[in-house]
Structures are given as structure tokens and as C-alpha cells.
Amino acid sequence: MSRIETTFAALQAQGRKALIPYVTAGFPFADITPALMLGMVEAGADIIELGVPFSDPMADGPVIQRAGEKALALGVGMAQVLQHVREFRKRNDSTPVVLMGYANPVERYDQLHGAGAFVRDAAAAGVDGVLIVDYPPEECAEFAAQLRAQGMDLIFLLAPTSTEQRMQQVAAVASGYVYYVSLKGVTGSSALDTGAVEQMLPRIREHVHIPVGVGFGIRDAASAQAIGRVADAVVIGSRIIELIEPQPYEKVVPVARDFLRPIRKALDAA
């Protein structure tokens, strides 16, 4: 079992839901990410999604776009992201880390370091899963097999517009969990419709038999708790980015930690 599968199995045995915070690697300071990851685990994170900075993030709203631009300006690319994971693993060898991003940085890394270098180096760094927004499932069987051979999961997005066929295509290659985008739009929207999520998840579970996490639009303990009642995991990112963006270095980790603690408490109460 992968670390992600082990984590979800343990949570299910406890009757708990996964809290999955997202942060952009190298934001708001180039070297703060490992400490930020550790702080979020301390606050109750079960899995961490680590955004790989990219100049044209099609699924991300202005908040995460700004974070990516700043990280890029600070010189943070895939090599630095993998180093962040290595540093995190020196202190934590159990919490799964998922790299979330786009095809360009992955393929550029292979161009620079040789075919298969990304999968090899990500596994060696301690990465547990990969979510590449613009990789369609029907073209990913080989990539998924390469990741699985290294103990990593390939995670896909589903959306309110996803057809039955798309769900089946995702189910054929996905592992770890599936990330359901709760709304038609980009990250950071406040238009969360929990009723619509409740109606969609049974449709997804007819085809997808791994955990389903829900993100986009979750901004506080109340919305996290509402989603946690029906989903296997709650993903929250833009609100964290907003909160840490203006902070001085020494405040970034405490602010993120203080934000996540009541969300963890609300999820466990649900």
C-alpha cells in the first residue's frame, strides 16, 4: 500500500475524514516550505498538497496565481520543490505529500535530467502522489504505471461537468484518491454549494472506488465540516495562501497552524 492508501485506511478505521491543505512551494518565502509543511501536520493535516509553481496555471484563481508568480520570481522550480520534500522527510516520514501542478514543469524536468527523471527523483525525495491538472486520464496509463512502480499514486480531478465516461476513464487509472472540484470555476471562489456536492458524490462513487476529496470554495471550519459529512477528504488552499501572503517570515507557520486547528476540530466533530 502507498502512504496515501495507508493514511486513508487508518482514518476510515477511526471514522475520521482527511484534512488536505494546499500551499504553493516557495511561497511566501523561498525556504519556508518545509517548516510550513511540518506546522500544518502539527495542526492536524493528514496529507499535504504541494503546488509546483507554474507561469500559466489554468485551474487556479488570482490568489494561487500570485503565489506561483512570487515563487517563480524567487527561483523556485521543480528541483527546489523536490528539495523541500527531502527536507520535510528528514522530520516526517509518514505524512503523504502530493505534488499538484501542470504538465510543463514535469516534462521540462525530464528534458533537463533525462527520460523518467521526474518519477525517479520524486520517489527518491519522498513524494507520494502526483496531480497534474492538464494530463487527461485516457493518455496516462503508462505514467500511472511508472508512478505505481515507485509506490506513488496518480490523482485526477473530477468536476460538476464530468460525464459518466470521464468518471470511468479516471477510475481506470487513478489511485490514492480523486479530487472533486466542487464548482465550475477556479480556485478561491466562495460559491460553494454543499447540496450540489452531496448530489454529485454518489454518482462519482458508482464508478470510483477510492476515496473522494472535495476542494475549491472551502474557506473555514463550517464549510469544511459540511463537506466532511459527505466526502472522504477536505482540500483547502486559497484561504491559506491569502492568510500567509502578508505575513513576516516568523508569522507564516503560526498563522497557517492557527487556521487549520479549528478546521481539524470541526471535521472530527462531524
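Each reported figure results from applying straightforward, stated rules to the coordinates on display, with no laboratory input. Here the structure is a predicted model, which means the values were calculated and not measured. For neighbour counting, all protein chains shown are included, and Cβ atoms are generated from backbone atoms with ideal geometry for every residue, glycine included.
Can you put L74, L11 in order of Cβ neighbours within 10 angstrom, beginning with the fewest? List each step's numbers first, then the result.
Details: L74 15, L11 18.
Fewest-to-most Cβ neighbours within 10 Å comes out as L74, L11.
Would you work out the charge dipole size for the chain about its Cα centre, treating the Cβ of every Lys and Arg as +1 and the Cβ of every Asp and Glu as -1, and quote it to the nearest 20 debye? Please list the in-between numbers first.
Values: 24 positive and 30 negative charges, 131 e Å.
Roughly 640 debye for the chain.
Please check: in the Gaussian network model of the chain (C-alpha springs, under 10 Å), which one of P202, P137, P21 has the largest mean-square fluctuation.
Highest fluctuation of the listed residues: P202.
In a Gaussian network model over the chain where Cα atoms closer than 10 Å are linked, find which of Y180, Y249, Y102 has the largest mean-square fluctuation.
Of Y180, Y249, Y102, the Gaussian network model singles out Y249 as fluctuating most.
Would you order D220, D110, D153 from fewest to most other beta-carbon atoms within 10 Å of each residue's own beta-carbon? Don't skip to the end; give the middle numbers.
Numbers: D220 13, D110 16, D153 23.
Sorted ascending by nearby Cβ count, the order is D220, D110, D153.
Over all distinct Cα pairs, what is the inverse of the mean 1/r for segment 142-270, reported as the Kirkwood hydrodynamic radius in Å? Numbers along the way, then the final one.
On the way: mean 1/r = 0.0633 Å⁻¹.
Result for segment 142-270, one decimal place: 15.8 Å.
So if I take the centroid of the Cα atoms in segment 69-121 and the same for segment 1-15, what is the distance between those two points in Å?
Here the answer is 24 Å between Cα centres.
Please name which of G217, L99, A124 has its Cα lying farthest along the dipole of the chain towards the positive end, using unit charges on Cβ (Lys, Arg +1; Asp, Glu -1) and the Cα centre as origin.
Going by the Cα projections, it comes out as G217.
Mind sorting E49, E42 by how few other Cβ atoms lie within 10 Å of their own Cβ, fewest first?
On the way: E49 25, E42 14.
Ranking E49, E42 by Cβ neighbours within 10 Å, fewest first, gives E42, E49.
Enumerate by residue number the GluC sites (Glu not before Pro) in segment 204-270 meeting two conditions: DSSP loop (anything except H, G, I, E, B), and at most 16 other Cβ atoms within 10 Å of the site's Cβ.
Details: sites: E206, E242, E250; in loops: E206.
In loop regions of segment 204-270 (DSSP not H, G, I, E or B), the sparsely surrounded GluC sites (Glu not before Pro) are E206.
For segment 108-157, just the Cα atoms, rotate onto the principal axes and tell me the three extents in Å, largest first.
Computed over segment 108-157, the largest-to-smallest principal extents equal 26, 22, 16 Å.
Determine the principal axes of the Cα atoms in the chain, then give the extent along each, sorted from largest to smallest and rounded to whole angstroms.
Extents along the principal axes: 43, 42, 34 Å.
Run through segment 115-216 and list the trypsin sites (Lys or Arg not before Pro) located in a DSSP loop whose Cβ has at most 14 other Cβ atoms within 10 Å. Display every interim value, and only then the final one.
Working: sites: R120, R148, R166, K184, R203, R205; in loops: K184.
Sparse-neighbourhood loop trypsin sites (Lys or Arg not before Pro): K184.
Going through segment 207-270, which trypsin sites (Lys or Arg not before Pro) have at most 15 other Cβ atoms within 10 Å and a DSSP loop state? Walk me through the numbers on the way to the answer.
Numbers: sites: R219, R229, R239, K251, R257, R264, K265; in loops: R219, R229.
Answer by residue number: R229.
Pick from G15, G77, G61: which residue has the top mean-square fluctuation in a GNM of the chain where Cα pairs under 10 Å get a spring?
Result for the chain, Cα springs under 10 Å: G15 fluctuates most.
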